[in-house]
Amino acid sequence: MNHSILTCSPYFVELAVNEIRRHHPSVVVLATLSPGCLLVQTSTPFDQFIRPFRDRLPIYLHHLAPVQQTVALHQAEQTIEKWLCRHSTAILQARILPDMVNGADAISMSPANVLLQRLQQSNGKTATSASKILSVALARQNTKWKAFIGVSWANQNISPYAGGVRPYSVQMPNRAGYKLLEALTDFGIRLRAGDRALDLGAAPGAWTMVLRQHGLKVTAVAPTEMYPDLLNDPLVVYRGMTAEEYLPHAEGPFEVIVNDMRMDAQDSSRLMVSYARHLQADGIGIMTLKLRQPNMRRLMDHSFRILRRAYKIMQVRQLVSNRQEVCLFLRPKIE
Ligand SMILES: C[S@@+](CC[C@H](N)C(=O)[O-])C[C@H]1O[C@@H](n2cnc3c(N)ncnc32)[C@H](O)[C@@H]1O
């Protein structure tokens, strides 16, 4: 039997497991190691287990890492050294999974954290797609800390980063900014300098900032306040109103429409459809769909049906930086 650690958002565990089950119906969840981190078992070897997700990113899975050995914490360092000797070119990706009971707060005081610091100091290399990865997850199972260890190739994995968490060198003024950076990378979108973008629900302004950093001219629509620096930018036009109010006055057409409005997913989809006439035929749409329990899947399906009146849904991804939401890449539907 083969074991792996599945990582996803704690809000989307059931959907992530179903996403795997569609390809591997016999997968068994052995334990929840941490919110959104499950130990799973399958008869399929890891390279075949991961294969369905290699060419096209899954929606809910953030990461899958193989587990070929599990040891108690006091044996971990020695065992990891042996693995690194056997795979001398491997890059170590170590992480601690927050405790199910005590959460992230208990980590800093834990013996696992002392080990993690030591491991990270001795191995600060960044993975490339050609790298071999030694994944080490330190997790507390039944009150005892353990190390879950496994080797895979970075280009086999859903993400080349530990737990699927991409490090960013650019600083964003708020968490929302990382959503757009991650969406651009995951969806393979290249923004073109000089294009016009409409940012719906723009405040306080991290998405507008990312669009400006790519050289786009931005019309930012939000009923709340934007970062003052953006208001002084001559290539940002701020419309301090709701997207509903702005619709009859829209100054399009735009090459890009982004929408991160805090709004019911179906209402947001309907507004996005109304804005489709202001998007260029070869333009792109990026939006987040805010989902709530219960039955997020039904809410998503209904929102997709609304969006398909005007758009082709190119890709859907529950991004690592998303909370209870998914991110969509849209293209206008050509009649
Ligand atoms: C998650 S925040 C957006 C963060 C933004 N993307 C950023 O990067 O800073 C949600 C925004 O939606 C805006 N919003 C809520 N309802 C709206 C509506 N009807 N029309 C336009 N914006 C709306 C809120 O004012 C808030 O600024």
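Quick notes on this structure:
- When Val326, Val316, Val258 are checked against the criterion of being more than 11 Å from the ligand (Cβ to nearest atom), assigned by TED's automatic domain parsing to the domain that holds Gly201 and crowded, with 21+ Cβ neighbours inside 10 Å, Val326 stands alone in meeting it.
- Residue selection: Val237 fails the criterion of being surrounded by fewer than 19 Cβ atoms within 10 Å (Cβ to Cβ) and closer than 26 Å to His62 by Cα.
- Failed item, numbered, when Met226 is tested on (1) modelled with pLDDT of 95 or more; (2) surrounded by fewer than 24 Cβ atoms within 10 Å (Cβ to Cβ); (3) out of contact with any Gly (no Cβ under 6 Å at 6 or more places or on another chain): (3)
- Strands (runs of 3 or more DSSP E) fully within segment 1-87 that include at least 1 residues being touching a Pro at 6+ places or on another chain (Cβ under 6 Å): 2-8, 28-34.
- A count restricted to segment 53-87 and to residues that are closer than 16 Å to Arg21 by Cα and β-branched (Val, Ile, Thr) stands at 1.
- Within segment 310-333, the set of residues being assigned to a loop (DSSP other than H, G, I, E, B), over 29 Å from Asn174 (Cα atoms) and out of contact with any Ser or Thr (no Cβ under 9 Å at 6 or more places or on another chain) comprises just one member, Lys333.
- Close contacts from segment 177-196, counting a first residue that is touching a residue at least 40 places away in the same chain (Cβ under 8 Å) and a second that is of a type in the set (Lys, Arg), with Cβ to Cβ under 7 Å and a gap of 6+ residues or different chains, come to Glu182/Arg166; Asp186/Arg317; Arg196/Lys217.
The values are calculated or read from the model by the stated rules, or taken from the named source; none is laboratory data. A quick note: this is a predicted structure, and the numbers were derived from the prediction, not measured. Neighbour counts are summed over all protein chains in view; Cβ atoms, including those assigned to glycine, are modelled from backbone coordinates with ideal geometry.
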